[in-house]
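This report refers to the structure that appears directly beneath it.
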Amino acid sequence: MLTDFEKERYGWQMDVPGVGEAGQEKLKHARVLISRAGGVGGLVAFQLAAAGVGTLRIAHAGNLKPSDLNRQLLMTHGHLGRPRAECIKQTLSDLNPLIEIDVIAENMSAENAPRLVGDVDVVIDCAPLFPERFAMNDEAMRQGKPLIECPMYDSDAYLTFFQPGRTGCLRCLHPETPPEWKRRFPVFGAVSGTVACMAAYEAIKYITGIGTNLRNTLLHGDLATMRFRRLPIERRADCPYCPPVNERRSNA
Amino acid sequence: MPKIILPAALRGRMNNPQDEVEVAGATVGDTLRALTNDHPELNDILFTNDQLHPSLRVFVDDQSPLPDQCLATAVKEGSEIVLLPPIAGG
Ligand SMILES: [Zn+2]
């Protein structure tokens, strides 16, 4: 049941056709895992907190550095040198104290992924390193959880919705770690925030059942040229990480 | 001539960045060789041991050729070849 205050707080989004009180209840009971709350994940978390997703679990290690602040909009100047996890929790709680915010001061790894993925409905991958992304992917596929991939670089934004049994996975899209990938990448917060807001809406659509998710499709947006393309992607027949197609282990 | 669309992730590696280049060729393989002839700095991202890098995604006229047939895929006047390397900025 929604409280009177919740009906008022979320009223404008409940007006979106297909949402209503039933859709808002689904958001209230949803659990979403976000891997890192940086330039992309921070904005994903901000949007999902504002929308009233009942439980946000966020994995992000380390202490806040000045070089984070151009894009990691959950972080505030006064927290420099302190754990990012503290700042993430405080900013999101200030925005929406009605939801549960579970911030873990760890980055995704093969060791912690089973525990962190275990009880969530959707996972959103916003990590800046391929080993973290692959750890998240492999566990999401193993547990049959939808995985939203939303990486960016400079003015490039990629977005796709992987759903075990219905699509491929990150290993199908990119089977190997590119050796030239570096931890530091060129980024304006306006670009990481753009792909983040689209990824957050993929999660909202999946949870509420409105719209159509980007299954078997990679959206590439180049914000420098403002060219956007929808490109077909598929499961690799020999992918060892994907469950077989038609083996529907997820709930949609 | 066919056209190759270069995302920011590849432009950033080019000595003379361009968001699209026209190249001669009848197949994807021809056009990518023409691209790396003109821009050898892209060779290591596109190819590994003379094969397409397995993590590079190539789309031809908004279709996705099978990886083992990609280089032999025919292209024509006005074809658009989109190259998307793996990125992980988050
Ligand atoms: Zn796969």
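The values are calculated or read from the model by the stated rules, or taken from the named source; none is laboratory data. No experiment lies behind these values; they were computed from the predicted model shown. For neighbour counting, all protein chains shown are included, and Cβ atoms are generated from backbone atoms with ideal geometry for every residue, glycine included. SASA here: full protein model, heavy atoms, side chains in, ligands and nucleic acids out. Shrake-Rupley method; radii C 1.70, N 1.55, O 1.52, S 1.80 Å.
Worth pointing out:
- For A:Val187, the test of being under 17 Å from the mean Cα position of the chain (by Cα), open to solvent by less than 50 Å² (accessible area, probe 1.4 Å) and more than 15 Å from the ligand (Cβ to nearest atom) is failed.
- Residue satisfying all of: in the stretch B:16-57; outside any helix (DSSP H, G or I) and in contact with a His (Cβ under 7 Å, 6 or more places away or on another chain); surrounded by the fewest Cβ atoms within 10 Å (Cβ to Cβ) among these: B:Phe47
- Hits in the stretch A:21-42 - residues which are open to solvent by 10 Å² or more (accessible area, probe 1.4 Å) and under 14 Å from A:Met1 (Cβ atoms): A:Glu21, A:Ala22, A:Glu25, A:Lys26, A:Lys28, A:His29
- Evaluation of B:Gly89 against the conditions (1) within 13 Å of chain A (Cβ to nearest Cβ); (2) in contact (Cβ under 8 Å) with a residue 60 or more places away in the chain; (3) of a type outside the set (Phe, Trp, Tyr) shows that the sole unmet condition is (2).
- Evaluation of A:Gly42 against the conditions (1) part of a loop (DSSP other than H, G, I, E, B); (2) within 14 Å of another protein chain (Cβ to nearest Cβ) shows that the sole unmet condition is (1).
- Any hit, the stretch A:219-236, residues being in a helix (DSSP H, G or I) and hydroxyl-bearing (Ser, Thr, Tyr): no
- All helices (runs of 4 or more DSSP H) inside the stretch A:104-183 with 1 or more residues being surrounded by fewer than 21 Cβ atoms within 10 Å (Cβ to Cβ) and away from the ligand (no atom under 15 Å from the Cβ): A:113-117, A:130-143
- Qualifying residue in the stretch A:193-205 (condition: part of a loop (DSSP other than H, G, I, E, B), surrounded by 13 or more Cβ atoms within 10 Å (Cβ to Cβ) and more than 16 Å from the ligand (Cβ to nearest atom)): no
- Neighbours by Cβ (under 7 Å, 6+ apart or cross-chain): first from the stretch A:58-86, part of a helix (DSSP H, G or I); second of a type in the set (D, E, K, R) and open to solvent by less than 60 Å² (accessible area, probe 1.4 Å): none
- Qualifying residue in the stretch A:225-233 (condition: at pLDDT 95 or above, loosely packed, with under 15 Cβ neighbours inside 10 Å and within 16 Å of the ligand (Cβ to nearest atom)): yes
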